[in-house]
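Reviewing the structure listed below.
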Amino acid sequence: MEARLNLLDNPVSANALRNFIAADRALKDSTVPPATQELVKIRASQVNGCGFCTDMHTKDAARAGETSTRLNLVATWREASVFTEAERAALELAEEGTRIADAAGGVPDEVWARAAKHYDEDQLAVLVSLIALINAFNRVNVIIRKPAGDYRPGQFD
């Protein structure tokens, strides 16, 4: 399988991607734990069916020390006992923020309240931005049918 468009070879999309990547780097330096950031990216990517981003973020998380048990259970986080309450709140926010079109009214107040119990205002701003950004990356890669499996950990560092 080959992507419909090479985003890095096209000057317009390459410029946009540089800005997406810069935004992602700005969020990495926050006080939201790196593991939580990767879990959020993985879950949104799974919901969106983005194989490339799921591949990337599971490999990057493993490289950073995330366990295979936790990575294997992200898709079923509600039934898994391996995530903290804070991580569960972030995963729930990621799901609801990714599935906005599925529920009129957007993210329910209860979901926001659960996240706000664990994260301060700056951290919530990071999570919201991160969820929006990974959804943008997912949509780009799904639209062009970017194949999954060849990502090397740290490839875009």
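Here are a few things to note about the model shown:
- Given (1) under 17 Å from ASN135 (Cβ atoms); (2) free of Cβ contacts under 8 Å to residues at least 60 places away in the same chain; (3) surrounded by 12 or more Cβ atoms within 10 Å (Cβ to Cβ), index of the condition PRO33 fails: (1)
- Within region 18-48, the set of residues being more than 21 Å from LEU73 (Cα to Cα) and touching a helix residue (DSSP H, G or I) at 6+ places or on another chain (Cβ under 8 Å) comprises PHE20, ALA23, ASP24, LEU27, LYS28, SER30, THR31.
- Checking each residue in region 85-105 for being outside any helix (DSSP H, G or I) and either under 16 Å from ILE134 (Cβ atoms) or among the β-branched types (Val, Ile, Thr) (or both) picks out only ARG99.
- When GLY65 is tested against the conditions (1) farther than 18 Å from ARG25 by Cβ; (2) modelled with pLDDT of 95 or more, the lone failure is (2).
- Residue among PHE20, PHE52 that alone is surrounded by 20 or more Cβ atoms within 10 Å (Cβ to Cβ) and either assigned to a helix (DSSP H, G or I) or touching a Ser or Thr at 6+ places or on another chain (Cβ under 6 Å) (or both): PHE52
- Count - residues of region 57-73 that are touching a Leu at 6+ places or on another chain (Cβ under 9 Å) and not in a helix (DSSP H, G or I): 1
- Qualifying position, being without any contact (Cβ under 8 Å) to a residue 24 or more places away in the chain, among the hydroxyl-bearing types (Ser, Thr, Tyr) and under 20 Å from VAL140 (Cα atoms), among THR98, THR54, THR69, THR58: THR58
- Top-ranked residue of region 101-137 - restricted to ones that are within 19 Å of VAL47 (Cβ to Cβ) and aromatic (Phe, Trp, Tyr), ranked as surrounded by the fewest Cβ atoms within 10 Å (Cβ to Cβ): TRP112
- If the condition is being among the polar types (S, T, N, Q) and either in a loop (DSSP other than H, G, I, E, B) or more than 14 Å from the chain's Cα centre (by Cα) (or both), then region 119-157 contributes GLN123, GLN155.
- When region 38-51 is filtered for residues that are in contact with an Asp or Glu (Cβ under 8 Å, 6 or more places away or on another chain) and free of Cβ contacts under 8 Å to residues at least 40 places away in the same chain, only GLU38 remains.
- Considering region 20-30, and only residues there that are closer than 11 Å to LEU130 by Cβ and in contact (Cβ under 8 Å) with a residue 40 or more places away in the chain, the residue that is nearest to the chain's Cα centre (by Cα) turns out to be ASP24.
The values are calculated or read from the model by the stated rules, or taken from the named source; none is laboratory data. Remember, predicted model here, so these are calculated numbers, not experimental data. Because the Cβ atoms are built from the backbone with ideal geometry, glycine has one as well, and the counts that use them run over all protein chains shown.
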